[in-house]
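The values are calculated or read from the model by the stated rules, or taken from the named source; none is laboratory data. These numbers come from a predicted model, not from an experiment. For neighbour counting, all protein chains shown are included, and Cβ atoms are generated from backbone atoms with ideal geometry for every residue, glycine included.
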Amino acid sequence: MSAIRLLVLGAVRQHGRAHGYQVRSDLEFWGAHEWSAARPGSIYHALKQMAKQGLLYAHDTGPSTAGGPPRTEYELTAEGAGAYLALLRDSLTGHDQKPDVLAAALGFMVDLPRAEVLDLLAERVRRIEAWRTSVTEHYTPEEGPGPLGHIGEIMHFWVHSADAGAEWTRGLVARIESGAYVFAGEGEPFVGVLPEGRPNPYATGEHHPDDDR
C-alpha cells in the first residue's frame, strides 16, 4: 500500500475542496516530504490519477483575485470518501506495511470514532503477536542468530521490530483510552492545516509546474 494515496485523499478531505498547492503545503507542514514519498511531483500526479479513477472531482476555477492563473480544485467523490476510509482502516491494522503508511494513518485517525480506532489498534497488536508466534516456532530471539551466523540477524531485527511495534501500539491505546485527542463525533476537530496566507516554515522550496495553476 502506498502512503501517498491516503495522504492526498485525507488532505483534500480536510479542506472540502483544495487545489494541488494547498495539498502540497499541508503535507509539507506535516513534514511528510521527510518521512514519505510526498514530493511535489508525486502529489500532483496522485491528484490527477485519482481524478481519472473517479475518486476526486476536478473543478476548474477562474483566475485568482490576485491575477494568478486558474487552478484546478479537487473534491472527494462518494467513491473517494469510501476509498479514503478503507485505506485509513487498513493502515491502522496492518502490521507489515512501510512506516510511512502507519504515519499517514496516525495523521488522520481522528476522522474515525474513538471506539473504532481502539478496535483497529487492538487488531494491529493481535496481528503483530500472531506473526511473532509463527516466526518464533522456528526461531528464538533469546538464542541469538544461531547457525545462520550474521544472516540470522535479519530475523532478530524483525522480531525486535515486532516487539517494539506492539509495545508502542499498546501505549497509544492507553493514551486514547485515557481521553487523548478529539475523535469523530466528539466535538470540534483538531485542524492540522496551514492557515491561509501563512508562510510554510517547512516548505521544500522545490518548484513544480503545477504550482502555477
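Scanning region 94-130 for residues that are farther than 14 Å from TYR181 by Cβ, modelled with pLDDT of 95 or more and under 16 Å from the mean Cα position of the chain (by Cα), we see that the one that is surrounded by the most Cβ atoms within 10 Å (Cβ to Cβ) is ARG124. Assess whether ALA105 counts as being more than 30 Å from ALA130 (Cα to Cα), assigned to a helix (DSSP H, G or I) and among the aliphatic types (A, V, I, L, M). The answer is no for ALA105.
Within region 165-192, the set of residues being part of a helix (DSSP H, G or I), more than 20 Å from the chain's Cα centre (by Cα) and free of Cβ contacts under 8 Å to residues at least 24 places away in the same chain comprises GLU167, ALA174.
Among the conditions (1) part of a helix (DSSP H, G or I); (2) within 25 Å of LEU112 (Cβ to Cβ); (3) among the aromatic types (Phe, Trp, Tyr), the only one that TYR44 does not satisfy is (2). For ALA86, the criteria (1) surrounded by 14 or more Cβ atoms within 10 Å (Cβ to Cβ); (2) in the same structural domain as GLY54 (by TED's automatic domain parsing); (3) over 30 Å from HIS156 (Cβ atoms) hold in every case but one, which is (1).
Which members of region 143-162 meet the condition of being among the charged types (D, E, K, R) and either outside any helix (DSSP H, G or I) or at pLDDT 65 or above (or both)?
Filtering region 143-162 down to residues among the charged types (D, E, K, R) leaves 143, 153.
The answer is GLU153, and nothing else.
Pairs linking a residue in region 78-92 that is basic (Lys, Arg) to a residue that is in a helix (DSSP H, G or I), with Cβ atoms under 9 Å and 6 or more positions apart or on different chains, are ARG89/ALA105; ARG89/GLU116; ARG89/LEU120.
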